[in-house]
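The next block holds one structure in the form of C-alpha cells; read it before the comments.
The values are calculated or read from the model by the stated rules, or taken from the named source; none is laboratory data. Keep in mind the model is a prediction, meaning the values are calculated, not measured. Cβ: placed from backbone, ideal geometry, glycine included. Neighbour counts: every protein chain shown. Please note that ligands, DNA and RNA were not included when accessible areas were found on the heavy atoms of the full protein model with its side chains. Shrake-Rupley method; radii C 1.70, N 1.55, O 1.52, S 1.80 Å.
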Amino acid sequence: MPEKQPMTNQITDTEAGTSLWKDAWLRMRKNKIALASIMVFTVTCFFCFVIAWFCKDPNQVNLVNKFSGPGSEHWIGTDALGRDLFSRILYGGQVSILVGLIATAVSVTIGIIYGALAGFFGGKVDAIMMRIVDTLFSIPFLMIVIVLQAVLSEWSRETSAWIVNNLNWDKGFTDRITNVLPLFFALGLLGWLTLARIVRAQVLSLKEREFVEAATSLGLSKLTVLFRHIIPNTLGPTVIYATLTVPGFIMYEATLSYLGLGVESPNSSWGILIKEGANYLETNPQLLIFPGIIFSITLFALNFLGDGLRDALDVRASKD
Amino acid sequence: MIRFIINRLLQGLLVLFALYTITFFLAKAMPGEPFTTEKNISEEAKAYQRALYGLDKSMLEQYLRYPINIVTEGSFAVSTSKGRPVRDIIAQSFPNSLILGLSALGIAICIGVPLGVISAMRKNSWVDWGSMSIAMIGICVPAFTVGPLLQIYIAAHLPGLKVAGWGSPIDIILPALTLGLTTAAYLARLTRGGMLEILSQDFIRTARAKGVPSNKLITRHALRGGLLPAIAFIGPSFAALISGSFIVETIFQVPGMGQHFVNAVIARDEFLLLGVALFFGFLIVIMNLAADILTGILDPRVRLDSNQK
C-alpha cells in the first residue's frame, strides 16, 4: 500500500495503485440506472433551489382562481386557495430535500463517532456501548420521533419568539427556519444506530492493520490515529448507508407532516402537498398526482443511487 | 435454546424499561398540560384533577409508581383525555390493529416472497428487472398516496368495498393492501438477495449436477437458506407495520391503536401515550424473539452461535 494517499486506498487489498473511489467510479459509470439517478436528483435540486427563486410566490393566495387547470399562467394549475402548484412543489421540495440531507448529516456524524469510539476502545466500553445500541434498536422509531418532534417544536417556537424580540430578525424568516430545525434533530438523533454498528465493525478490523501500527509508532496520540487515519477509511460503507438514509428521512418527514406533526405554514413540504391533494382527489386529481410523482421520482433516484454505490464500492458489510 | 430464550426475554425487559424511561421523560418535557379544554377551567379544578391522576406527586415518585402499578395491579392508569382506563382503550382497539397488521403481513408475504424467488431464478431477465422495479415503486410511493388512490379509483367503483370504515371483514382488504405493499417490496428485495446468494453456492451446483429438477431444487434446497434474510426482516417489519398503521388508520378510519398514539401526543395524555408505547414495545420484543427462534430452527449455524454467547 503506498502511503501517499492514506485517505482512501486502504480499504481493499485488491489492485494496488487505483484508489477505491477511482475504482468505484469506473464501475459506477457502467451502471446506467445509477448515472440516470444522479442526473434526476441533480435536476430536482436545481429546480428546487435555483429555479424556485424565479417562480411565483408559493403563498400568494388568489381565491378567484382556485383549482385552475394547467395553463400558461399557472403551468400545472393552482390549489384550493389559488396558489401556484408549480412553485409550491419547488418550495416544498426545498424543505423535504433539506430535511433528508441535514438529518442524514446529523445521524451520520453521531453514528461515526459513536461506532468509531466503541470499536476503537473495544473490550468493556465496546460491550456496553453496543448493548445500548441493541436496546435502542428494539424501540419503535416513529413513535419516539413523534413525541420528540412535539417537544422540540415547542422549544423552537420559544426560540423563534426570543430571536424576533431580542435580535429583531424578520419574523417570517425566523419562523421558517426554526420550524424546520426540530425535524433535522428529531430524525437525526434517532437514525444513527445502524451506522454505528457498521462503523464499529469496520474500525474493529481496521485497527489491527499495519498502517495504524505505523501511525502509533510515529508517536501520534490515540485520538489522532482514530480521527485522522481510521475513520477516513470507513467512509466507503458510510457513504452507501448515508445515501440510502436520505430517502428514508424524506419519507419520515412526509409521514410526520401528513399526521400534522411536521412542518407548518408558511413552510410546506411534499408531505403536506400530498396531504392537501388527497382532500380534493375526486375533483382535482392533479393536486395529489403531481407532488406524488415528484416525491416518488426523487426517492426512486436516491434509492437507485444508493444501490449503485453499493454495487460499485462492493462492501459486503452493508448488504441489507 | 432455552437459555437463549430466557436471555433474550431479560434483554426484552431492559428494552421495555428503556422505552418507558425515554417516553416518560419526553412526555414530561412535552409543552402544555393535559386538562386544557375550550372552556376555561379554574385553577382549583385543574389542581383537583392533577391530584386525582397523581400528577402532583414528585417526578421520581411518578416515574417509579407507573411500572410498579403495572406489575402489582396490572393497571396502566387512566387516560387523562378520555377518562377511561388505558387498559380498556388498548383492549378495545388492539384487535383491530392486530387484524390489520396480520392481514398486511400476510399480503406482504404472499406478494413479496414469490416475487423475490422468481426474480432470483431469472436473474437479469426482464422478469427480474420488472419485478424489482415494481418493488422499488412499492418502497418509493408512500402509503398516503397509495391509500387515497385506492379509495378513489378502486373502492368507489367496486361494489362491496367501502371507501372508509371498519365493520365487515371485506373492509380489511384496502387498508391491509395499502399497509402491506411497502413491506412486500422490501421482502421481495431481501428474498431475491438471499436466494441469489444461496443459488451461487456449491451444494446447489452439486444438486443440479445430480439432476435434481429445477422446481425441487428451489423448494427443497434453496428456499431454506434463501428465506433467512426475509425471515429476519419479518420481526422488525411487524413493528414497521404497526407504526405505518398511524397513516393507514387515519386514511381508512380504522379504529385501531395508532390513532390513539397520535391523539395522545396532541392531547398531552401521558398515560395513554405510555400505555400504547409500552404495548407496542412489548409486541416488537416478542416478534423479534419469534423471528430469531425461527431463524435458529432454519439455520443451525445461528443456533450454535447464540449458545456460545
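Points worth noting:
- Where a residue in the range A:30-52 is outside any helix (DSSP H, G or I) and its partner, wherever it lies, is surrounded by 12 or more Cβ atoms within 10 Å (Cβ to Cβ) and not polar (S, T, N, Q), with Cβ under 6 Å and at least six apart: A:Asn31/A:Gly308
- Yes/no for A:Ser68 being open to solvent by 10 Å² or more (accessible area, probe 1.4 Å), of a type in the set (S, T, N, Q) and touching a residue at least 12 places away in the same chain (Cβ under 8 Å): yes
- A residue that is within 11 Å of chain A (Cβ to nearest Cβ) and crowded, with 16+ Cβ neighbours inside 10 Å can be found somewhere in the range B:207-229.
- Test: residue in the range B:291-300 that is at pLDDT below 75 and more than 10 Å from chain A (Cβ to nearest Cβ): yes
- Residue in the range A:147-157 that is open to solvent by 50 Å² or more (accessible area, probe 1.4 Å), of a type in the set (A, V, I, L, M, F, W, C) and away from chain B (no Cβ under 14 Å) present: no
- Selection within the range B:155-182 - under 26 Å from the mean Cα position of the chain (by Cα) and within 14 Å of chain A (Cβ to nearest Cβ): B:Ala155, B:Val163, B:Ala164, B:Thr178, B:Leu179, B:Leu181, B:Thr182
- Odd one out for A:Pro266, checked against (1) at pLDDT 85 or above; (2) in contact with a Gly (Cβ under 7 Å, 6 or more places away or on another chain): (1)
- Failed condition for B:Glu73, given (1) within 22 Å of B:His260 (Cα to Cα); (2) open to solvent by 60 Å² or more (accessible area, probe 1.4 Å); (3) of a type in the set (D, E, K, R): (1)
Rundown of residues vs (1) buried (at least 17 other Cβ atoms within 10 Å of the Cβ); (2) at pLDDT below 90; (3) within 24 Å of A:Val246 (Cβ to Cβ), yes/no style:
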site	(1), (2), (3)
A:Pro6	no, yes, no
A:Gln10	yes, yes, no
A:Gly17	no, yes, no
A:Trp21	yes, yes, yes
A:Met39	no, no, yes
A:Thr42	no, no, yes
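Conditions (1) more than 30 Å from B:Trp166 (Cβ to Cβ); (2) open to solvent by 60 Å² or more (accessible area, probe 1.4 Å), marked per residue:
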{"residue": "B:Leu9", "(1), (2)": "yes, yes"}
{"residue": "B:Val15", "(1), (2)": "yes, no"}
{"residue": "B:Thr23", "(1), (2)": "no, no"}
{"residue": "B:Ala77", "(1), (2)": "no, no"}
{"residue": "B:Ser93", "(1), (2)": "no, no"}
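- Complete set of residues in the range B:233-266 that are open to solvent by 10 Å² or more (accessible area, probe 1.4 Å), within 12 Å of another protein chain (Cβ to nearest Cβ) and modelled with pLDDT of 80 or more: B:Phe233, B:Thr250, B:Ile251, B:Gln259, B:His260, B:Val262, B:Asn263, B:Ile266
- Subset of the range B:108-151 [buried (at least 20 other Cβ atoms within 10 Å of the Cβ), at the interface with another protein chain (Cβ under 10 Å from one of its Cβ atoms) and touching a Ser or Thr at 6+ places or on another chain (Cβ under 8 Å)]: B:Ile139, B:Cys140, B:Val141, B:Pro142, B:Ala143, B:Phe144, B:Thr145, B:Val146, B:Gly147
A quick yes/no check of all residues on (1) more than 14 Å from chain B (Cβ to nearest Cβ); (2) open to solvent by 10 Å² or more (accessible area, probe 1.4 Å); (3) more than 13 Å from the chain's Cα centre (by Cα):
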site: A:Gly111; (1), (2), (3): yes, no, yes
site: A:Ala116; (1), (2), (3): yes, no, yes
site: A:Gly123; (1), (2), (3): yes, yes, yes
site: A:Val145; (1), (2), (3): no, no, yes
site: A:Leu167; (1), (2), (3): yes, yes, yes
site: A:Val180; (1), (2), (3): yes, yes, yes
site: A:Phe185; (1), (2), (3): no, yes, no
site: A:Trp192; (1), (2), (3): yes, yes, no
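- You will find that of B:Thr23, B:Thr80, the residue that is among the hydroxyl-bearing types (Ser, Thr, Tyr), more than 30 Å from B:Ser214 (Cα to Cα) and within 14 Å of chain A (Cβ to nearest Cβ) is B:Thr23 and no other.
- Summed over the range A:194-208, the residues that are farther than 15 Å from A:Met130 by Cα and either surrounded by 15 or more Cβ atoms within 10 Å (Cβ to Cβ) or touching a helix residue (DSSP H, G or I) at 6+ places or on another chain (Cβ under 8 Å) (or both) give a count of 2.
- Selection status of B:Asn263, within 26 Å of B:Asp171 (Cα to Cα) and touching a residue at least 40 places away in the same chain (Cβ under 8 Å): yes
- Single residue of B:Val254, B:Val285, B:Val248 found to be farther than 19 Å from B:Asn96 by Cβ and not hydroxyl-bearing (Ser, Thr, Tyr): B:Val285
- In the condition set (1) open to solvent by 50 Å² or more (accessible area, probe 1.4 Å); (2) assigned to a helix (DSSP H, G or I); (3) without any contact (Cβ under 8 Å) to a residue 24 or more places away in the chain, B:Ile204 is compliant with all but (1).
- From B:Leu196, B:Leu187, residue being open to solvent by 30 Å² or more (accessible area, probe 1.4 Å), touching a residue at least 40 places away in the same chain (Cβ under 8 Å) and not polar (S, T, N, Q): B:Leu196
- Within the range B:162-177, not a single residue is of a type in the set (D, E, K, R), open to solvent by 20 Å² or more (accessible area, probe 1.4 Å) and touching a residue at least 12 places away in the same chain (Cβ under 8 Å).
- Residue satisfying condition, being over 30 Å from B:Phe279 (Cα atoms) and modelled with pLDDT of 80 or more, within set A:Ala150, A:Ala105: A:Ala105
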